[in-house]
Amino acid sequence: MDEQEFDDFYVAGFARLTGQIYAMIGDRDEAEECVQEAFIRAWSNRRQLELASHPEAWVRTTAYRLAVSRWRRFKRGRRPADRALSPAVSAPPPDENRVALIRALNELPDAQRRALVLHHICDLPVQQIAEETGVPAGTVKARLSRGRVALAALLDSSTDDIPGGATHA
């Protein structure tokens, strides 16, 4: 993969992958940083990336693993203080429905949340999710089924809290 092909790959996938990782971990800044780091690693390993059947899945998996590693370090109290020194960034407020979805996703167990994001946001088939997560397809189906039920219940209760939220019969 030459520099131009990699640039095209980056431009085509960065925003999508950031959104997917954000949905998995619930922190947009962290998602952007992890996806950026994953692309840096992809550039360093581009020969291996060329051999991968799904290069975007390679980057997504790397970004997710980076996020998990960073979260573990944070939980242990070893996170560097440099993020606290960065200037505040102003941005428009997020869509209330999107916030409700991310909040509900964060209430789910990690495995269910990851399966739902990979299937419904990344549009991956069950078999590819199984390969990417290293579990049998039946386990993926069970996680999707249980996750959908739990997510529906969480979203139903969260829309009651949103002004003008949906009413359910």
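The numbers here are math on the coordinates, done by the rules we state, and not lab data. This is a predicted model, so every value here is computed, not measured. Every residue, glycine among them, receives a Cβ derived from its backbone with ideal geometry; neighbour counts consider all protein chains shown.
How do 112-122, 126-136, 27-37 rank on mean C-beta neighbours within 10 Å, highest first?
Details: 112-122: 21.8, 126-136: 15.9, 27-37: 18.8.
Averaged packing, sorted descending, gives the order 112-122, 27-37, 126-136.
Projecting label points 7 angstrom from Cα along Cα→Cβ for Glu37 and Asp95 puts them 2.9 nm apart. What separates the Cα centres of segment 125-152 and segment 9-49 is a distance of 22 Å.
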